[in-house]
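Below is one structure, written out as structure tokens; the observations come after it.
Please treat every number below as a calculation from the coordinates, not as lab data. Because the structure is a prediction, the values reported are computed rather than measured. As a convention, Cβ positions derive from the backbone with ideal geometry for all residues, glycine included, and neighbour counts pool all protein chains shown.
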Amino acid sequence: MSEPTTGKVVLITGASSGIGAATARRLAADGHHVVLGARRVDRLASLAAELRAAGGQADHRELDVTDLGSVRAFAAAAHERYGRVDVLVNNAGVMPLSPVDALRVAEWDQMIDVNLRGVLHGIAAVLPLMRERGTGHIVNVASTSAHRVDPTAAVYCATKYAVLALSEGLRQESRDIRVTVVSPGFTRTELTDRGGAAEAQAAARAAMEQLAIPASAVADAIGYAIGRPGDVDVNEIVIRPTVQG
Ligand code: NDP
């Protein structure tokens, strides 16, 4: 099966900042139609306007990945407008860090809801559309935390290990759609800005300030995977700062 390597309709969750926004810039520059989703619509609107002003094709829609109806509406709107959904980048994520015995149960639930359930919602929304066409590509953003566990990150790591597992399961069950996991290490974004226990969050912020690579480096990896021919499935890219242990 061969499909065009540019001009794809690409849905990006969590496109209002960080890796999602950088991915939108990279993919729009590559000639793809990007559809941006997140809760901060003002940010999405200004990014979409920036991309269009640069000659790209971009639109946006409010999206909460924890709400299956919202994710389905996001995918359906793109499908209605463009007649297809070629790629979904399941990127939205949160990382409020804390030791397990702090029992910050609401934040555990939030990580499970956004990082894991959100990815499942994305798959549920686009898989029928892709199966019907017999082609498609799902890119799940996991983490190096899908490969190793660190203190204060147990629940975050659990969600990312789960994303890796479900991606591999989906890949094994698919002969028509491609499944890629992109697993970044420390990347300079807003990820450490919200929630978590103060000490754990400050340590993560300090590590990020010292070590992190730019979000564009991860966007390049996503762009690479999407840009391969349809019969080439890049299963996982792990990308981290050279100085990260
Ligand atoms: P940012 O905080 O900059 O971006 C996170 C994005 O997720 C935002 O656009 C945010 O948008 C969106 N988001 C959060 N909750 C929801 C929700 N309920 N519905 C829709 N969108 C939501 O961080 P990053 O760019 O770093 O994070 C992107 C991905 O990269 C995440 O999955 C993260 O786990 C992963 N990652 C990041 C690493 C890093 O070092 N930065 C390392 C490894 C993985 P809004 O608030 O507007 O909804």
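Scanning the stretch 197-245 for residues that are charged (D, E, K, R), part of a helix (DSSP H, G or I) and more than 15 Å from residue 23 (Cβ to Cβ) yields 199, 205, 209. In the stretch 27-62, of all residues being charged (D, E, K, R) and within 13 Å of the ligand (Cβ to nearest atom), the one that is surrounded by the fewest Cβ atoms within 10 Å (Cβ to Cβ) corresponds to 42.
Counting only residues that are of a type in the set (Lys, Arg) and more than 24 Å from residue 72 (Cβ to Cβ), the stretch 1-45 holds 2 of them. Among residues of the stretch 196-210 that are touching a residue at least 24 places away in the same chain (Cβ under 8 Å), those with a beta-carbon under 6 Å from a residue that is away from the ligand (no atom under 12 Å from the Cβ) and of a type outside the set (Ser, Thr, Tyr) at least six positions away or on a different chain give the pairs 197/102.
If you go through the stretch 63-77 and keep only what is near the ligand (Cβ under 10 Å from one of its atoms) and surrounded by fewer than 16 Cβ atoms within 10 Å (Cβ to Cβ), you end up with just 67. Restricting attention to the stretch 173-195, and to residues there that are of a type in the set (S, T, N, Q) and in contact (Cβ under 8 Å) with a residue 40 or more places away in the chain, which single residue is farthest from residue 7 (Cα to Cα)? Among them, the one singled out is 192.
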